[in-house]
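Visitor: Have a look at this one before I ask anything.
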Amino acid sequence: MTVTRWTVMPFAVVALFATPPLADQPGPFEAMASEWLLSGQGLPRDYRLRLMQMDSADRLQAIIYLRRIGLLTEHPWPLNDLLRPAAPLSEPAE
């Protein structure tokens, strides 16, 4: 059997549409984390509270991003914290 471009073309089209698109722009948290990395600051003390205020899917993506860029190297996150719904913003006591 001879392979021609016409026999390969349908597979290429399927592969193209089966691949999820890459994000064009990083989210606001990822942009802020990149600034922390580039300025040499590291993670702020309240990073955990910031992450817990995110939706669980966004939180997981942010944790993955922090690990990939090398800012989050300690203390694994418990599964309950990863899946917990977003915590409401706490207002300061008057």
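Visitor: (1) surrounded by 15 or more Cβ atoms within 10 Å (Cβ to Cβ); (2) modelled with pLDDT under 90: which one isn't true of Trp36, the others all being true?
Guide: Single failed check for Trp36: (2).
Visitor: Of the numbered conditions (1) in a loop (DSSP other than H, G, I, E, B); (2) modelled with pLDDT of 90 or more, Gly42 satisfies every one except a single condition; which is it?
Guide: Looking at each condition in turn, Gly42 falls short on (2).
Visitor: Here's another thing I want to ask about it. So Pro26 ticks every box in (1) open to solvent by less than 90 Å² (accessible area, probe 1.4 Å); (2) more than 26 Å from Pro85 (Cβ to Cβ); (3) modelled with pLDDT under 90; (4) not aromatic (Phe, Trp, Tyr) but one. Which box is left unticked?
Guide: The single condition Pro26 does not satisfy is (2).
The values are calculated or read from the model by the stated rules, or taken from the named source; none is laboratory data. The structure displayed is predicted, hence computed values, not measured ones. Cβ atoms come from the backbone with ideal geometry, glycine included; neighbour counts cover every protein chain shown. For the accessible areas, the whole protein counts, side chains as well, though only heavy atoms, and no ligand, DNA or RNA atoms are used. Shrake-Rupley method; radii C 1.70, N 1.55, O 1.52, S 1.80 Å.
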